[in-house]
Amino acid sequence: MLLVGTWTIVSYCQDTKFSLVISTPKPEVRLGDAIPLHVIMTNTSDHDIHYAQILGARRLAVGVRILDQQGQLVPQTTYGKEMSGVLPRGNHPIGGSAFAATLTPGESVSADVMLNEEYEINRKGTYRIQAERMEPDGTRVTSNQILVKVQ
């Protein structure tokens, strides 16, 4: 079961300058199958905003939070820790840096992440997924939540 577009898109902070929306084309997968996540960030302000994009990885500097059926946080794989900067890149070089980019008002940017490569989704069950990004002032903006069932 996939719940996309039926839940609130962003947190309700009046100063929020962007929104995050996530989706997946595969709401039900077999254990071990690829689980793609599509992330869209849109500038909802009346001025330019800046964001970071990881060079060579075609991904945004946006965090992903995954909870299992018991509500426990799903840990990152070694590769996921390397991609998020928790560990040095090791055997997975992707260009080595990020670059700053600008979104004008109303403009969107998107990127894709393979969740099962970056997170230990190694058991059957239903997983709750949400993206998040911090505003420069420390405000946390969250995306809609989706459910992915692993059979």
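3J(HN,Hα) along the stretch 130-145, derived from phi through the Karplus expression 6.51 cos²θ - 1.76 cosθ + 1.60 where θ = phi - 60°, amounts to 8, 9, 8, 8, 8, 6, x, 7, x, 5, 8, 9, 10, 8, 5, 9 Hz, with x in place of Gly and Pro. Candidate cross-link partners of LYS124 among the lysines, defined by an alpha-carbon separation under 25 Å and a same-chain spacing of 8 or more, comprise LYS26, LYS81, LYS149. Counting beta carbons within 10 Å around each of GLU118, GLU82 and listing the fewest first gives the order GLU82, GLU118. For the stretch 18-150, DSSP calls about 95 percent of its internal beta bridges antiparallel.
Expressed in nm², what is the orientationally averaged projection area of the convex hull enclosing the Cα positions of the stretch 18-150?
On the way: hull surface 32.6 nm².
The directionally averaged projection comes out at 8.2 nm².
Bear in mind that the values in this text are calculations on the coordinates, not laboratory data. These numbers were taken from a predicted model, which means no experiment stands behind them. Every residue, glycine as well, gets a Cβ built from its backbone with ideal geometry; the counts of neighbours run over all protein chains shown.
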